[in-house]
1. Condition check: within 24 Å of residue 220 (Cα to Cα), in a loop (DSSP other than H, G, I, E, B), in contact with a His (Cβ under 8 Å, 6 or more places away or on another chain) and not small (Gly, Ala, Ser). Does residue 38 satisfy that?
2. With the condition kept exactly as written, say whether any residue in the range 72-81 is within 15 Å of the chain's Cα centre (by Cα), farther than 19 Å from residue 196 by Cβ and outside any helix (DSSP H, G or I).
3. Given the conditions (1) closer than 24 Å to residue 57 by Cα; (2) in contact with a Pro (Cβ under 8 Å, 6 or more places away or on another chain), report the number of the one that residue 122 does not fulfil.
4. Could you pull out the residue among 165, 131 that is among the charged types (D, E, K, R), part of a helix (DSSP H, G or I) and open to solvent by less than 30 Å² (accessible area, probe 1.4 Å)?
5. Can you give me the number of residues within the range 208-220 that are open to solvent by 40 Å² or more (accessible area, probe 1.4 Å) and in contact with a strand residue (DSSP E or B) (Cβ under 9 Å, 6 or more places away or on another chain)?
6. Applying the selection to the range 66-79, what residues are open to solvent by 10 Å² or more (accessible area, probe 1.4 Å) and within 25 Å of residue 110 (Cβ to Cβ)?
7. Looking at (1) modelled with pLDDT under 95; (2) surrounded by fewer than 16 Cβ atoms within 10 Å (Cβ to Cβ), which is the one condition that is false for residue 179?
8. Sort through 82, 59 and tell me the only one that's under 27 Å from residue 200 (Cα atoms) and open to solvent by 10 Å² or more (accessible area, probe 1.4 Å).
Amino acid sequence: MDVILVPGFWLDASSWSAVTPPLEAAGHRVRPLTLPGLESVTTDRAGIGLRDHVDAVVAEIDAGEEPVVLVGHSGGGAIISAAIDARPDRVVRAVYVDSGPLADGACINEELPSSGSEIPLPDWTVFDAEDLVDLDEGLREQFRARAVPQPKGVAVDRQQLSDDDRRLSVPATVVACEFSSEMLRGLMEQGHPYVAELARLRDVEFVDLPTGHWPQFTKPAELGAILLRAVDRT
């Protein structure tokens, strides 16, 4: 099966490198993506918006012939949910890694400090303590060394969705890291806007992986095993 891996902010395809071995060993075709504007620190990010990232994922779906599992980390969850909306007949499962689908008309994050047309990786003090669990000093240094500024448009543009019926029917797996599955279910029951689109999904399972916001760095082997189980279930 084709497994397309969509990274979160500031990261490129190589951020999945420690997670993919179990999937590749099982014979799946794994395709980690580097999205537009994330090619290097010197790339011109002006004019790159959320739709550009969604279109890049849709193009990757169209490039293959097999059923596709989409995996999205952090802001990548918003991107894969829009790609599912565009190609609901091609995606057989969505996996949200410490993320979830983004509702129509919402944006990923308009509060991150920006510089012109880009958002550099902020100081660690900008993040909540829950984000940084298990991300020790060595991992933080490695992350910052590899980080590429995020195109601002991707963070602030509004999500555009149209195919509610088919999009919401695609099975989903949520890998719950900084917020446990129990907490997420509680928020869904309360009607919290943070999980409004997640609560609309018709077939969703939760898998707990207690760690911070970047499990591909803090618990890559465990995340790889979870992704493999999600793909095999499909």
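1. Judged against the criteria, residue 38 is not a match.
2. yes
3. So residue 122 meets the others, but not (1).
4. 131
5. 2
6. 74
7. (2)
8. Every option except 59 fails the conditions.
The values are calculated or read from the model by the stated rules, or taken from the named source; none is laboratory data. From a predicted model like this one, the values you see are computed outputs, not experimental measurements. A quick note on method: Cβ atoms are made from the backbone with ideal geometry, for glycine too, and the neighbour counts reach across all protein chains shown. These area figures cover heavy atoms from the full protein model, side chains too; ligands, DNA and RNA do not enter into them. Shrake-Rupley method; radii C 1.70, N 1.55, O 1.52, S 1.80 Å.
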